[in-house]
1. Quick one: which residues, 5 or more positions from Ala242 or on another chain, have an amide H under 5 Å from its amide H? H modelled 1.01 Å from N in the peptide plane, none for Pro or chain starts.
2. Divide, for the chain, the radius of gyration over alpha carbons by 2.2 N^0.38 Å, where N is the residue count.
3. Mind putting a number on the dipole of the range 40-81 about its Cα centre? Charges go on the C-beta only, +1 for Lys and Arg and -1 for Asp and Glu, and I need it in Debye to the nearest 20.
4. Using DSSP to define loop residues, name the chymotrypsin sites (Phe, Trp or Tyr not before Pro) in the range 69-113 whose beta-carbon has at most 16 other beta-carbon atoms within 10 Å.
5. So which of Lys18/Lys131; Lys40/Lys249; Lys5/Lys67; Lys131/Lys233; Lys131/Lys228; Lys5/Lys233 end up more than 32 Å apart by C-alpha?
6. Return the sequence-ordered ³J(HN,Hα) values of the range 208-214 in whole Hz as given by the Karplus equation 6.51 cos²θ - 1.76 cosθ + 1.60 applied to θ = phi - 60°, using x for Gly and Pro.
7. Scan around Asp235 for amide H atoms under 5 Å from its own, H built in the peptide plane at 1.01 Å from N, and keep only partners 5 or more places away or cross-chain.
8. If I stretch the segment between Glu80 and Lys211 completely, what's the gain in nm (0.36 nm per residue apart, minus their alpha carbon distance), one decimal?
Amino acid sequence: MRILKTLKELRAYREFVKGSIGFVPTMGALHEGHLSLAQKSIDENDVTIASIFVNPAQFAPNEDFDKYPRTFEKDAQLLEDLGVDAIWAPSVSEIYPNDFKSTVRVSGISEMLEGVSRPHFFEGVTTIVNKLFMQVQPSRAYFGVKDYQQLRVIQKMVEDFNIPIEVIGCPVIRDEEGLALSSRNVYLTPTDLAIARQLNVILEHASVLVKSMNVQEVEKQLENDILKAGFDKIDYITLRSAQTLEEIKTVTDQEIRVLVATYLGSVRLIDNRVVI
Ligand code: PAF
């Protein structure tokens, strides 16, 4: 497996490799969720490149950029064992030289939900993903459905800019008790972990509730269940159109997802599920 640290090395590698390229962008601290993306890419492409880059542009000053888990050696070993061909691991100055002035912003879909609590987040994500796409030039790119809004925002960017890359959403990987895997789960205490593991069951129940309640009642019931489970604070718990992420008034034939962001202490957890 090659570890590429400069643009010069990446370009030379891209000229050298042939066939379809699968790309798995990550910020490292890899878990089974990331590995499932890499495995899918390996299965579907001739060559798989994963990136490891903790992107400062998607962290607000009060967020955990400095303490975000960095486990490069372990990550590299996991990717090599799986059969990934190369890791793109640029430095911050390689990606954002001092005179870097551009951003990519997808309006609408990036301004709701996560975009309300974290106003700079998606601009940071779309800017880095756009840049990584141009650098790596993959045929396909793999993202987890766990970050459902991020997936839809990136798909919209790709559509709007006619970027010739297939963006593939991959299933949420959960632990044995249903907690969606996240690099930030390492911050949870054992007590918090037990509470966090109830979230999945609460969300699953939404599919039953919609059969006998209207959308607002379902949202209220889920909110009560989340607080009763012991979560400290809810950012949002909402039923949305899976396509546009717009609010829905009634349950119709369209695909609906329930999306949640909630807090245990200072740890923010997000999750989502198909309702119908
Ligand atoms: O989902 C993530 O890990 C990050 O947001 C991504 C897509 C790698 C961009 O930094």
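1. Here the answer is Glu255, Ile256, Arg257, since their amide H atoms fall under 5 Å of that of Ala242.
2. On the way: Rg = 19.1 Å, N = 276, 2.2 N^0.38 = 18.6 Å.
Ratio of Rg to 2.2 N^0.38 Å for the chain: 1.02.
3. It works out to roughly 200 debye.
4. Working: sites: Phe72, Trp88, Phe100; in loops: Phe100.
Qualifying residues, ordered by number: Phe100.
5. Pairs exceeding the cut-off: Lys40/Lys249; Lys131/Lys233; Lys131/Lys228; Lys5/Lys233.
6. 7, 4, 4, 6, 10, 9, 7
7. Ala261, Thr262, Tyr263
8. Values: separation 131, 0.36 × 131 = 47.16 nm, distance 4.68 nm.
Difference between extended and current length: 42.5 nm.
Values quoted throughout were computed directly from the atomic coordinates according to the rules given, and no laboratory measurement underlies them. All figures in this text were calculated on a predicted structure; none of them were measured in a lab. Glycine also receives a Cβ, built like all others from the backbone with ideal geometry; neighbour counts cover every protein chain displayed.
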